[in-house]
Amino acid sequence: MGMWETLRNEINKDLDKIQNGDMNELIAFQKNTREWVEGVNREFETALLRKKGRLLTDNFFDESTVTN
């Protein structure tokens with residue numbers, strides 16, 4: 001949860017700068033927001049796949065996991 005608080009605080013700082021009229025800050029804010037949304041979507045999708053039992057583990061293709 002601390003990560004979410006940090007992110008929210010960063011977004012609020014960016015919004016404050018944007019409200020003061022800095023166009024470069026607006027562009028940076030849009031980029032950061034897009035990246036954040038994409039990250040949240042990836043996390044949500046991973047959690048959904050894990051819940052459905054369709055997510056491959058990180059070591060699925062390791063030699064110790066694959067047998068002939």
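The values are calculated or read from the model by the stated rules, or taken from the named source; none is laboratory data. Note that the structure is predicted; figures quoted are calculated from it, not measured. So basically every Cβ, Gly included, is an ideal-geometry build from the backbone, and we count neighbours across all protein chains shown.
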Next item on the list: For residues that are charged (D, E, K, R) and either closer than 28 Å to residue 13 by Cβ or surrounded by 11 or more Cβ atoms within 10 Å (Cβ to Cβ) (or both), scanning just the stretch 28-65, find the one that is modelled with the lowest pLDDT.
Entry: 50
Notebook entry, point to check: Taking the stretch 4-27 as the region of interest, how many residues are among the hydrophobic types (A, V, I, L, M, F, W, C), within 22 Å of residue 38 (Cα to Cα) and at pLDDT below 80?
Noted result: 2
